[in-house]
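Inspection log for the structure reproduced underneath, given as structure tokens.
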Amino acid sequence: MTDILDYQGKHVHMIGIGGSSMSGLAEMLLREGYRVTGSDNANSHAVERLRQAGITVHVGHAAENVRDADLVVFSAAIPPDNAERQEARRLGIPEMERSTLLGQLMRGHKNAVCVCGTHGKTTTSSMIAETLLECGMDPAVSIGGRLDALGGGSRVGGKEVFVAEACEFHGSFLEMHPTVAVVLNIEEDHLDWYRDIDHIEAAFGRFLSLLPANGMALGWGRDERILRLFRALKCECRTFGLEKTNDYYPENLTYNDTGCPRYDVMFRGKEMGRVELKVAGEFNVINSLAAFAAAHAVGAAPESITASLSRFAGVHRRFELTGIIDGVKMYHDYGHNPAEMRAALSVAVMQHPKRLWAVMQPHTYSRVKSLFQDYLTCTQAADFTLVTDIYAAREKDPGDIKAEMVVEGMRAHGVNAVHTPTFDDTERYLRAHWQPGDLVLTMGCGNINLLNEQMQLHGDTE
């Protein structure tokens, strides 16, 4: 088996290096003394940050990019017929998938906290990472977003604790070595890989079976699938949630006028401290309880955990205010399935806008097809919905699903939806129809965040 430690000081080439997890791993390898290069299909902020760190990044995939490499790392989105992967095989250069690299990097840590779930992973793992950092525990970190406290998405720490997002896509989380597993939810997604929800649940069960007997499983107590999997485990299991039947739950829960929660953290009937979050929404109560439970499990002091959670200001691309244009607040959220979009809009409503605009970039043809009915109602909280063309990502257009079909279905469900195929179309429509006091929320994990940047560059900002 290929082992990353055998390549210390050697040349590692990373295909798809601009991805949220891959870019963080690249920075981690660089700091550990590896010589890192990479390639991606487009320029991005992540690519520019890597270049500033001294990493050579090629835009576009070409065989010559790998010819000097000792090891090639690729993400699950990179197919076997990729030109660089083909050349690596021709030259006999070993290959390693991203999740295998992540799993190997967490070996040797006393505690490996792996956060999984259909949604909420990045925010929760960021809360845990920032909390442990502020508690003086020197965590190693690999998350799928940019956290200001880390200056990115990764951190080389000590051997006490490693915090990582553990994604279920392509079964990637089965490469992890968890000692603490945080399961936020189990819902339908990635149905281009999984057969159905039962197949997804089975994969989560296999992930949880990786826990050692002295490990710990932490899960949302309202998810019956999580509870069913917990009953099969031999290690200690704890739950978190809004109800007092959980091990960790809130008391005296209130919200301020922008939807930010305040509550007392309870652990089995004992008050552990007060949290006053700077991020809004009921789902962030659950995320923060999960983060408290994880930090508590690895030995952080309760009063330090609550103080840190109260300072947590969020992760980039998670309900992030990107600017104010013509008196209109523009936000962006990474949410890319209907449940995440619905949750993001619930926070937008709490900001009390004059009118709420949802701008959706559907992500991948397979996801839109498999969750089609859910897409049709997920923006009902908005006054207006704009839908761009589907972002293909790793997929090819099958020809049988279009953004126009989503818009037509939305209208049939009473949603005021309009198809604006391109960013230019979307910008023109917004500027022609919005009013001061409105709020625009762009949503998607493709490149829809660039619309916010485009509109900022075109002026009239505050």
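The numbers here are math on the coordinates, done by the rules we state, and not lab data. Note that the coordinates shown come from a computational prediction; the quantities given were computed from them, not determined experimentally. Because the Cβ atoms are built from the backbone with ideal geometry, glycine has one as well, and the counts that use them run over all protein chains shown.
Details
- Total charge dipole magnitude, the range 73-223, about the Cα centre, Cβ charges on Lys, Arg, Asp, Glu only, Debye to nearest 20: 540
- Selection from MET28, THR2, ALA77 lying farthest towards where the dipole of the range 1-78 points positive, charges on Cβ: MET28
- Local net charge near LEU105, Cβ-Cβ under 14 Å (Lys/Arg +1, Asp/Glu -1): -2
- Think of the chain as a dipole: +1 on every Lys or Arg Cβ, -1 on every Asp or Glu Cβ, centred on the Cα centre; then among ALA392, HIS177, HIS11, HIS177 lies furthest on the positive end.
- Pairs of Cα atoms farther than 15 Å apart, the range 1-73, %: 46
- Rounded if a/c under 1.5, otherwise prolate or oblate - the range 106-311, Cα gyration tensor axes: rounded
- nm² value of the averaged projected area, convex hull over the Cα atoms of the range 54-191: 9.6
- For the range 419-454 versus the range 128-164, the spacing of their alpha-carbon centroids is 33 Å.
- The Cα atoms of the range 261-305 give a gyration tensor whose axes a ≥ b ≥ c have a/c of 1.5 or more with a/b greater than b/c, which makes the shape prolate.
- Short to long, the 5 Å bins of the Cα pair-distance histogram for the range 320-457 hold 2, 11, 23, 26, 21, 11, 4, 1, 0 percent of all pairs.
- Two tests apply to each whole DSSP H helix in the chain, Cα reach of 30 Å or more along its axis and mean Kyte-Doolittle hydropathy of at least -0.5, and none passes both.
- The range 40-78 and the range 226-266: distance between their alpha carbon centers, rounded to Å: 41
- Only the Cβ atoms of Lys and Arg (+1) and of Asp and Glu (-1) were treated as charged; on that basis the dipole of the chain about its Cα centre amounts to roughly 820 debye.
- Rounded to 5, the percent of DSSP beta bridges in the chain classed as antiparallel: 25
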